[in-house]
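Colleague: Sharing a structure here in structure tokens format.
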Amino acid sequence: MPTNVTPEYRAAEADFRKARTPEDRLQCLREMLRTIPKHKGTEHLQAELKSKVKELTEALAGPRKGGARTGPSTVVHAEGAAQVALLGPPNSGKSSLHAHLTGSHAEVGLFPFTTQFPQPGMLPFEDINFQLVDLPPVSAQHLPPWLANTLQPAAAALLVVDLGDPGCVEQVDELHRLLSPARVTLTASWEPYVPGEEDDLFAIVLPTLLVATKTDQLADPEAELATFRELTGYPYPALAVSTVDGQGLDQLGPFLFEHLGVVRVYTKIPGQPPDMTRPFTVQRGQTVGDVAVLVHKEIAADLRYARLWGRETFDGQQVGRDHALADGDVVELHT
Ligand SMILES: Nc1nc2c(ncn2[C@@H]2O[C@H](COP(=O)(O)OP(=O)(O)OP(=O)(O)O)[C@@H](O)[C@H]2O)c(=O)[nH]1
Ligand SMILES: [Mg+2]
């Protein structure tokens, strides 16, 4: 944060860090631009804010007929328990994986650069879904200018690699080199990332799972995966899969559920049985107050207490808004 900023700017920046949807982020960016002190020391940040506003405005406006950009939208609104982006070199099997896991009709090609635009799809896991976003390859030959913007709502990434491709080590190195100037960092840590006041405002930090594909073509997938990890030094947790024989595919949902710390919360109305069909999802550590916000903003504002049924509480226990929830909890919100 620049020095000598007004409380107004400070608040706008804090809101920006918390904003989850592209629309909210754009609104916060505009407010930051309006309230930032206009002097030499902030010129760089002002310019950056302006370019981010322009980028996001254009992305949200979508492709225009006769405009410079054509094709589907590059903004994918997060849905389900979390959004997870598929990143990887050309032809590594991202779209095949997407199609198998989500039932999407993501185009699979014999040749690299088949996918050109983001494609969302839902991976079902028990009674929730994860949103997987298929993406074009990350390669120096063609890097979509909108990629970082599209990755913004993602909570995590799958780094999809074909270990049978002799160029895979170089390609994955290149992918990291290309993401870095776009301020996208892949990390092996799946602990929730909480940005501090001094952290890069526009950084995107994605917990990453290395997904080795096409294992049906490898003689000894686990050994080749171990060699790849040793050679590259990439510390990501890893999973070996094949869309041909199905290896490993059923492990992805449980991995995401566990590592993203998903907590399912069921709601009930006083005197009625709980709705066990559609849970709200929060992250481990989130509270009754956070669920209330998901149910309804007004309920959240007027919340007095909640009654809770769950594995870690006695039935009907009265708790406050700061009570942290556990997976499977049933809550009754009282205003
Ligand atoms: N044997 C085998 N082939 C696979 C597997 N997954 C993908 N393929 C093949 O690999 C090729 C590329 O697959 P895609 O899913 O289009 O790869 P992609 O990463 O989406 O490619 P781009 O969109 O160009 O980046 C296709 O010929 C697929 O049939 C797998 O698990 N086993
Ligand atoms: Mg593809």
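Colleague: Residues being assigned to a loop (DSSP other than H, G, I, E, B) and within 13 Å of ligand 2 (Cβ to nearest atom): count how many of those fall in region 73-97.
Modeller: Of region 73-97, the ones assigned to a loop (DSSP other than H, G, I, E, B) are 73-82, 88-93.
Remaining after also requiring within 13 Å of ligand 2 (Cβ to nearest atom): 88-93.
Total meeting the criteria: 6.
Colleague: Here's another thing I want to ask about it. Would region 106-117 turn up any residue that is more than 15 Å from ligand 1 (Cβ to nearest atom) and of a type outside the set (Asp, Glu)? Full working, then the answer.
Modeller: Residues of region 106-117 that are more than 15 Å from ligand 1 (Cβ to nearest atom), as a first pass: none.
Scanning region 106-117 turns up no residue that is more than 15 Å from ligand 1 (Cβ to nearest atom) and of a type outside the set (Asp, Glu).
Colleague: Does any residue of region 281-295 turn out to be surrounded by fewer than 16 Cβ atoms within 10 Å (Cβ to Cβ) and either of a type in the set (Asp, Glu) or assigned by TED's automatic domain parsing to the domain that holds Ile128 (or both)?
Modeller: No - not one qualifying residue is present in region 281-295.
Colleague: Of all residues being part of a loop (DSSP other than H, G, I, E, B) and touching a helix residue (DSSP H, G or I) at 6+ places or on another chain (Cβ under 7 Å) in region 105-134, which is surrounded by the fewest Cβ atoms within 10 Å (Cβ to Cβ)? Just the residue, please. If you could, list the steps in order and put the result at the bottom.
Modeller: The initial filter retains those residues of region 105-134 that are part of a loop (DSSP other than H, G, I, E, B), namely 105-118, 126-127.
Checking which are touching a helix residue (DSSP H, G or I) at 6+ places or on another chain (Cβ under 7 Å) leaves us with 105-108, 114-115, 118.
Values: His105: 11, Ala106: 22, Glu107: 14, Val108: 17, Thr114: 16, Thr115: 21, Pro118: 21.
Here the residue is His105.
Colleague: In addition: Would you check if there is a residue in region 179-195 being modelled with pLDDT of 95 or more, within 16 Å of ligand 1 (Cβ to nearest atom) and crowded, with 16+ Cβ neighbours inside 10 Å?
Modeller: Checked against the condition, which is being modelled with pLDDT of 95 or more, within 16 Å of ligand 1 (Cβ to nearest atom) and crowded, with 16+ Cβ neighbours inside 10 Å, region 179-195 yields at least one hit.
Colleague: While we're on this one: Which condition does His100 not pass, out of (1) more than 30 Å from Lys18 (Cα to Cα); (2) part of a loop (DSSP other than H, G, I, E, B), if it passes all the others?
Modeller: Against the list (1) more than 30 Å from Lys18 (Cα to Cα); (2) part of a loop (DSSP other than H, G, I, E, B), His100 comes up short only on (2).
Colleague: Out of all the residues in region 229-253, which are at pLDDT 95 or above, among the hydrophobic types (A, V, I, L, M, F, W, C) and away from ligand 1 (no atom under 11 Å from the Cβ)?
Modeller: Ala238, Leu239, Leu252
Colleague: Turning to a different aspect of this structure: In region 205-250, how many are under 22 Å from the mean Cα position of the chain (by Cα), of a type outside the set (Ser, Thr, Tyr), surrounded by 14 or more Cβ atoms within 10 Å (Cβ to Cβ) and not in a loop (DSSP other than H, G, I, E, B)?
Modeller: Final tally of qualifying residues: 11.
Colleague: Based on what the data block shows, is Leu151 buried (at least 17 other Cβ atoms within 10 Å of the Cβ), touching a strand residue (DSSP E or B) at 6+ places or on another chain (Cβ under 6 Å) and closer than 23 Å to Leu249 by Cβ? First the steps, then the outcome.
Modeller: Numbers: buried (at least 17 other Cβ atoms within 10 Å of the Cβ): yes; touching a strand residue (DSSP E or B) at 6+ places or on another chain (Cβ under 6 Å): yes; closer than 23 Å to Leu249 by Cβ: no.
No, not satisfied.
Colleague: Quick one: would you say Thr102 is within 14 Å of ligand 2 (Cβ to nearest atom), touching a residue at least 12 places away in the same chain (Cβ under 8 Å) and over 21 Å from Leu179 (Cα atoms)?
Modeller: Values: within 14 Å of ligand 2 (Cβ to nearest atom): yes; touching a residue at least 12 places away in the same chain (Cβ under 8 Å): yes; over 21 Å from Leu179 (Cα atoms): yes.
Judged against the criteria, Thr102 is a match.
Colleague: If you don't mind, there's one more thing I want to ask. Which members of region 135-148 meet the condition of being buried (at least 21 other Cβ atoms within 10 Å of the Cβ) and either in contact with a Phe, Trp or Tyr (Cβ under 6 Å, 6 or more places away or on another chain) or aliphatic (A, V, I, L, M) (or both)?
Modeller: At the first step, the residues of region 135-148 found to be buried (at least 21 other Cβ atoms within 10 Å of the Cβ) are 135-138.
Listed by number, the residues that qualify are Leu135, Val138.
The values are calculated or read from the model by the stated rules, or taken from the named source; none is laboratory data. Just so you know, these numbers come straight off a predicted model, no measurement behind them. Please note: Cβ atoms are built from the backbone with ideal geometry, for glycine as well, and neighbour counts cover all protein chains shown.
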